[in-house]
Amino acid sequence: MKLLVLGAAVALTLSTAVPAHAATPADILRAGAEQGVRDGYPGVIGLVRNGTDSQYVKAGLGDRFAQTPADPHARFRIGSNTKAFTAAVLLQLESEGRLSLDDTVARWLPGVVDANGHDGTRITIRQLLNHTSGLPEYSADARVSVPYVANTNPRQPWPPRTLVDIALEAAPVRGFHYANTNYVLAGMVIKAVTGEEPAVQVRKRIIEPLGLRDTTFPVDDPETPSMHGAFWVGSILIRDVTVSNVQTFGPAGAIVSTVDDLATFERALFTGRLFPAAQLASLKTTVPMGTGDAGYGLGVGSVSTPCGRVWTHTGGVLGYFTTWLTSEDGAKQVVFAANEFHLVGGTRGQRDVGKAAVDAYCALQATS
């Protein structure tokens, strides 16, 4: 499946055959990372985790301009993988009886979604989280996309309400429609319910309890991840975009993390450590994405592979492209991150490293 939106992505390149048994899962992912560097990525890092055993891979450079080798423990921007953190907070709030996912947006944000045919009294929180709200994408508007891509002011303020208002200028869309607007509104709901910004709630409810020591949710200061992000124009690597605007995507895509922390979070998510069984069932209830048999749950996706269905999501923000895969029980996981993204989907690097990730996951599934 592949669906790419500025600042956010759900993408996976599927292998057509289970990889040769002679190679280990880490070997397969490492070969894919090396191919990704040949394809043009400055560097690729990754993790293969089977139960308590973790193996790391790296290829190329963590900083193309300083010629620093890639470090599999480096911090990077996870992009739309942030969405699962935001969804998890709302699922926890539901489990505490503080809201229902079937509450309307207007219940918590009266009058916010009420323009150009959009009606917050007819949209639920659940529909925000599974992208069936009919809301358009604000980052498709040049007022947002141009300054973000130009990256001339990484601290440019973007109040959530401003982003939503820009989205509402476009007409409603039908069916599944992946839009960061949904998760900006989800973050606004979190604040309306708790009185705290979504970044604070994510830190208190997820980052700290899970011991994600290398994970942060930047709000005003964009931070400087240790894995430096780059931007291609044509075939020329011309810009370091490590520092970029985190306010553009906020609860839809601002988190900085590592392959270890991301895998730990996804495992906790799917093993029910973060909320009760009823909310776990909601997390995993998918809607069709309109591409093959791909389905979208609440901040997570599901797709078929040669070795069965896998839970997955991809994040793409300026300079960074990341994908994770995990088994139903969270025991077997693959994560990779590349440090170049110029907001174009379907590149050779994305296809080759994505295929290697699926092959590595299937090889992992074949192990005891």
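The values are calculated or read from the model by the stated rules, or taken from the named source; none is laboratory data. Fair warning: this is a prediction, and the values are worked out from it, not measured in the lab. With ideal geometry, Cβ positions are generated from the backbone for all residues, glycine too; neighbour counts draw on all protein chains shown.
Listed values, structure above:
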item: Residue within the stretch 168-180 that is of a type in the set (Val, Ile, Thr), surrounded by fewer than 19 Cβ atoms within 10 Å (Cβ to Cβ) and either in a helix (DSSP H, G or I) or within 20 Å of the chain's Cα centre (by Cα) (or both) present; result: no
item: Condition met for residue 262 (under 15 Å from the mean Cα position of the chain (by Cα), over 22 Å from residue 155 (Cβ atoms) and not β-branched (Val, Ile, Thr)); result: yes
item: Matching helices (runs of 4 or more DSSP H) fully within the stretch 25-113 where at least 1 residues are under 19 Å from the mean Cα position of the chain (by Cα), crowded, with 17+ Cβ neighbours inside 10 Å and touching a residue at least 12 places away in the same chain (Cβ under 8 Å); result: 82-95
item: Check on residue 286, surrounded by 15 or more Cβ atoms within 10 Å (Cβ to Cβ) and under 23 Å from residue 179 (Cα atoms); result: yes
item: Test result for residue 350, part of a strand (DSSP E or B), buried (at least 24 other Cβ atoms within 10 Å of the Cβ) and in contact (Cβ under 8 Å) with a residue 12 or more places away in the chain; result: no
item: Among (1) modelled with pLDDT under 95; (2) part of a strand (DSSP E or B); (3) β-branched (Val, Ile, Thr), the one test that residue 18 misses; result: (2)
item: Within the stretch 196-247, tally of residues that are assigned to a loop (DSSP other than H, G, I, E, B) and of a type in the set (A, V, I, L, M, F, W, C); result: 8
item: Selection within the stretch 273-319 - within 23 Å of residue 211 (Cβ to Cβ) and either of a type in the set (Phe, Trp, Tyr) or modelled with pLDDT under 95 (or both); result: 275, 311
item: Where residue 191 falls short, out of the listed (1) part of a helix (DSSP H, G or I); (2) touching a residue at least 24 places away in the same chain (Cβ under 8 Å); (3) more than 17 Å from the chain's Cα centre (by Cα); result: (2)
item: Test: residue in the stretch 123-146 that is free of Cβ contacts under 8 Å to residues at least 40 places away in the same chain, within 19 Å of residue 86 (Cβ to Cβ) and among the basic types (Lys, Arg); result: no
item: Near pairs, Cβ below 8 angstrom, 6+ apart or cross-chain, from the stretch 291-305 (without any contact (Cβ under 8 Å) to a residue 60 or more places away in the chain) to any residue that is of a type in the set (Phe, Trp, Tyr); result: 302/296; 302/311
item: Residue check for residue 161: basic (Lys, Arg), part of a helix (DSSP H, G or I) and surrounded by fewer than 19 Cβ atoms within 10 Å (Cβ to Cβ); result: yes
